[in-house]
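Reading through the C-alpha cells given below for one structure.
The values are calculated or read from the model by the stated rules, or taken from the named source; none is laboratory data. Computed from a predicted structure; not experimentally measured. Neighbour counts are summed over all protein chains in view; Cβ atoms, including those assigned to glycine, are modelled from backbone coordinates with ideal geometry. Ligands, DNA and RNA are excluded from the accessible area calculation, which covers all protein heavy atoms including side chains. Shrake-Rupley method; radii C 1.70, N 1.55, O 1.52, S 1.80 Å.
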Amino acid sequence: MMTKKRELQAMQDFSYPLNEPLSAQQMFSRIRAYNENLRAVRFCRRPKDTAKLRILVKDNIGVEDFFTSAGSYALRHLMLPDAFCVRQIRKNTQIDIFGKTHLTELAGFVTTRVLKDGYSELGGFGRNPHGAQHPCRGSSSGSAIACAAGFCDAALGTETRGSLMMPAMANGVYGFKPTRGSVSRSGIIPLSSSFDAPGVLARSISGLKTVFSSMLGKDEFDFQSFTPESLRKKRFNGRTLLFFISPGDEAALNSRSVRRLISALKNGGFHIEFRCAPMVEFDYKTISSADIKKDMTDFLQRYASETEPKTFEALVERYISRAHAHPYGMERLTYAQETELPHGKALDFLVQINTQKANRLIGEALEMSGAQAVLSLNYLDWWAIGGGPSLSMPIDFSVTLPRSIMIGAKAREDYALLSLAEEIEGLLNR
C-alpha cells in the first residue's frame, strides 16, 4: 500500500509553465533537482548560456558525445556517430545539444504492457510532471517529460505509431511529426523503416519550428528522404477544419477548454465541420515486426562493437538470457522472432497497401468536408501510417492535466500545418 508521503509525492506537480522563460542555469538546476523523480534524462552536461535553444535528444538517435542505447541493457555502451538530423542541427549555432533522454525500451518493441509508462530497463518508469497519476506515454516519454518539466527548450523524438504524438499530448507540450522523408532516419536505432520518422517536441511552436527547419536535408542513405524544397506550401488557402469525434468524446466536447477552442476558431473566421472518426485497422504489427528483423540487423552490423549483438536474432537471445531483468515480458520481440512474416516484395506490397489506405482516408475526409486540416481530441494513427505531418498542441492548462489536440494535414504540408498551429495559439491567447 502507498504511504501518505509517497502518495503526496505522486501528486506533486513538477511541470514548468510553457510561457515562462528558462535560463541555462535554471534548466540544469531543475534536472539535478527533479530528474531522479521524473526519469527523463539519461545523460547531460550543463547547457550553453549563449544558445537560443537548448535541446535534448531521444536515446535512440545517435549523438557522438554520448552513448546511444534505445533503453536497452544490451546496447548500453553503443557509440554512434551523429545521426544525419543531428549533424544538420549542429549547423545552426543557436542550438545547443546537451544531453540524451530516456525512452520506452527499443521504442516500445520489447513489450506493450508498460508502453504507456515509458518504461525501460536503463531508465525505469517515466513520470508525467503534472502528476504520477497520469501516464507519460511512450516511446518518446523522456523527451516529452523533459520539455514539460523545464529541463530543455525542445527535444528530439521519433514517431513510428504514436511514439512522439502521444507523449506530447499526455505531457502537455508541443509535438511535431513531420512528413516522413523530410528528416533523415540515418544514424537512428530503427524499429520500422516503413514507418519511422524523427520529429520534435518543444515548449513553444516557434522553438519546434526552428528545430524542425534545422533538421531538414536530403540524405542519399535514407530511401524515403527528399529535398526540403518539396515543402513549399507555407499556408493553407482555405478556412475550413474537420473536427473528428471519437467514441467517448462527448464529455470532452462539452468541457470549458474545448468549447473555448471552438469559439476561438469560429471568431477567427474558421468554419468547422464535425464528423465521427471512422474506426480503421492497419497491419502495423505485421509490418513493424517484419521490418525490425532486417532493419535492426543491418543497423547492428554497421555500428555494433564486439560487445554488442550483431543481428536482431542475437539481440533477442540477449533478452531471453536475461529474462529475470524483464518482469513485464518481451512478447513483441519473441513474436517477431518466432512468427513467419512477409518479406521482400510481399512486405513492400503490404506496406504500399497500408500507406495508400491511410492517405486515401485523409484525402477523402478532407475533400468531402472541404477542409484543409483535421482536428482530434485523441491520437489517430493515420498520419503515422500514411506519412503525412501531424502536430500536437496544448489548449488548456487550467486543469490538473493539460488538454491537448492533434492536428493533421496532407503530406508535405508541414509548414502550412505549423502556421495553422501558430494561428490557433494566437486565437486562444486573445
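The table for this structure:
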read-out: Cα→Cβ-extended label distance, 7 Å offset, between Arg32 and Asp298, nm; value: 4.4 nm
read-out: Accessible solvent surface per residue of the stretch 155-247, calculated while the other protein chains remain in place, 1.4 angstrom probe, Å²; value: 30 Å²
read-out: Gap separating the Cα centres of the stretch 393-421 and the stretch 261-337, nearest whole Å; value: 23 Å
read-out: Surface share of carbon and sulfur [accessible, 1.4 angstrom probe, percent] for the stretch 1-117; value: 50 percent
read-out: Euclidean distance between Cα centres, the stretch 202-217 to the stretch 122-195, Å; value: 14 Å
read-out: Cα gyration tensor shape of the chain, rounded if a/c is under 1.5, else prolate or oblate by comparing a/b with b/c; value: rounded
read-out: Relative frequency of Cα-Cα separations exceeding 18 Å in the stretch 70-117, percent; value: 48 percent
read-out: Full-stretch length increase - Asn19, Thr307 - with 0.36 nm per residue and alpha-carbon distance subtracted; value: 99.2 nm
read-out: Accessible area of Ile97 in the full protein assembly, 1.4 Å probe (Å², nearest 10); value: 10 Å²
read-out: Two-site label geometry, Glu317 and Ile353: point separation in nm, points 7 Å out along Cα→Cβ; value: 3.4 nm
read-out: Sequence-separation-based contact order of the stretch 109-204, relative, with Cα cut under 8 Å and 6+ spacing, percent; value: 26 percent
read-out: Cα shape, the stretch 2-108, gyration tensor, a/c 1.5 rule; value: oblate
read-out: Net length gained if the chain between Glu281 and Asp49 were fully extended (0.36 nm per residue, minus Cα distance); value: 78.8 nm
read-out: Rounded Å value of the spacing that divides the Cα centres of the stretch 350-377 and the stretch 49-100; value: 33 Å
read-out: Extension gain from Arg239 to Phe397, taking 0.36 nm per residue of separation minus the Cα-Cα distance; value: 54.3 nm
read-out: Taking the chain and dividing mean pair separation by its residue count, relative contact order in percent (alpha carbons under 8 Å, at least six apart); value: 17 percent
read-out: Trypsin sites (Lys or Arg not before Pro) within the stretch 293-359, DSSP loop, no more than 16 other Cβ atoms inside 10 Å; value: Lys310, Arg322
read-out: The stretch 364-417, relative contact order [Cα under 8 Å, separation at least 6], %; value: 37 percent
read-out: For the chain, the longest site-free run once chymotrypsin sites (Phe, Trp or Tyr not before Pro) in DSSP loop states with at most 11 other Cβ atoms within 10 Å are removed; value: 1-220
read-out: For the stretch 318-430: rounded, prolate or oblate by the Cα gyration tensor [a/c cutoff 1.5]; value: oblate
